[in-house]
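The values are calculated or read from the model by the stated rules, or taken from the named source; none is laboratory data. Keep in mind it's a predicted model, so treat the numbers as computed, not measured. Using ideal geometry, Cβ is built from the backbone for each residue, glycine included, and neighbour counts are taken over all protein chains shown. Ligands, DNA and RNA are stripped out before the accessible areas are found, and what is left, the full protein with its side chains, is counted by its heavy atoms. Shrake-Rupley method; radii C 1.70, N 1.55, O 1.52, S 1.80 Å.
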Amino acid sequence: MTKNCLVVNLDRCSGCETCIVSCKFENNLGLGDFWCRVLAAGPYGEFPHIEGYYLPVMCQQCENPACVAVCPTGASYRDEKTGVVLVDHDKCIGCKYCLYACPYGVRSMSKKTGVAQKCTLCSQLTADGTGIPKCASDCPAGARFFGDLDDPNSAASKELAKYSADCIHTLKDPGNAHPRTKYILSPSICEWRS
């Protein structure tokens, strides 16, 4: 199965929030609906030795997604072709089990439709294998990379290959989720604390 995900290079991320705006426009998200957030990590240390970074957080495309495991109707599922965790809005009954199960708090209920929603890695653009998510194409800092982690020629894999293991991170895994989304943060920039 394809392991499509995002790689976010925090060494380059400026915290501009273009990813949030691009996502909202591309996915026609209503007021108050977000599939991506940019958090400020820090500042850490004492003056004049201060460090920090920006941390974009969206669906982590987990290997073992708790949101899929708890869904009573099968509305939350992993697409067999792309490997992306999605929501079938026609099957969603609005029970919110997936929202409570997600360890990263990146699911929400649509204010328009009353069903669960989340980042789809712009499946409307990427499902055929040719496009990339709008957050990646629009990032002015060139900090986002999309692709199959099992394909060494994907943009995501190529970016990861440039860095040593001490620069590559995932969000804390409170269970057995195994998030696929990778973050690059060099120790020379800031200590990883997320």
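Couple of notes before you dig in:
- Taken over region 109-127, the criterion of being closer than 19 Å to Asn4 by Cα, of a type in the set (A, V, I, L, M) and open to solvent by less than 10 Å² (accessible area, probe 1.4 Å) is satisfied by Leu121 alone.
- Close pairs from region 94-121: first free of Cβ contacts under 8 Å to residues at least 40 places away in the same chain, partner basic (Lys, Arg) and open to solvent by 40 Å² or more (accessible area, probe 1.4 Å), Cβ under 7 Å, at least 6 apart: Met109/Lys96
- Within region 15-33, the presence of at least one residue that is under 26 Å from His169 (Cα atoms), touching a residue at least 24 places away in the same chain (Cβ under 8 Å), in a loop (DSSP other than H, G, I, E, B) and of a type outside the set (Gly, Ala, Ser) is confirmed.
- Criterion violated by Pro152 - all others in (1) surrounded by fewer than 17 Cβ atoms within 10 Å (Cβ to Cβ); (2) within 18 Å of the chain's Cα centre (by Cα); (3) modelled with pLDDT of 95 or more satisfied: (2)
- Residue under evaluation Ala40, criteria (1) among the small types (Gly, Ala, Ser); (2) in contact with a Pro (Cβ under 7 Å, 6 or more places away or on another chain); (3) over 25 Å from Ile93 (Cβ atoms), criterion not met: (2)
- Among all positions in region 136-148, there is at least one residue which is of a type outside the set (Asp, Glu), surrounded by 22 or more Cβ atoms within 10 Å (Cβ to Cβ) and more than 16 Å from Gln60 (Cα to Cα).
- Pick from region 25-48, criterion more than 21 Å from Gly105 (Cα to Cα) and among the aromatic types (Phe, Trp, Tyr), ranking: least open to solvent (accessible area, probe 1.4 Å): Tyr44
Residue by residue, here is whether (1) open to solvent by less than 50 Å² (accessible area, probe 1.4 Å); (2) in contact with a helix residue (DSSP H, G or I) (Cβ under 7 Å, 6 or more places away or on another chain); (3) modelled with pLDDT under 95; (4) more than 28 Å from Asp79 (Cβ to Cβ) holds:
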site: Lys158; (1), (2), (3), (4): no, no, no, no
site: Tyr163; (1), (2), (3), (4): no, no, no, yes
site: Asp173; (1), (2), (3), (4): no, no, yes, no
site: Arg180; (1), (2), (3), (4): yes, no, no, no
site: Ser188; (1), (2), (3), (4): no, no, yes, yes
site: Ser194; (1), (2), (3), (4): yes, no, yes, no
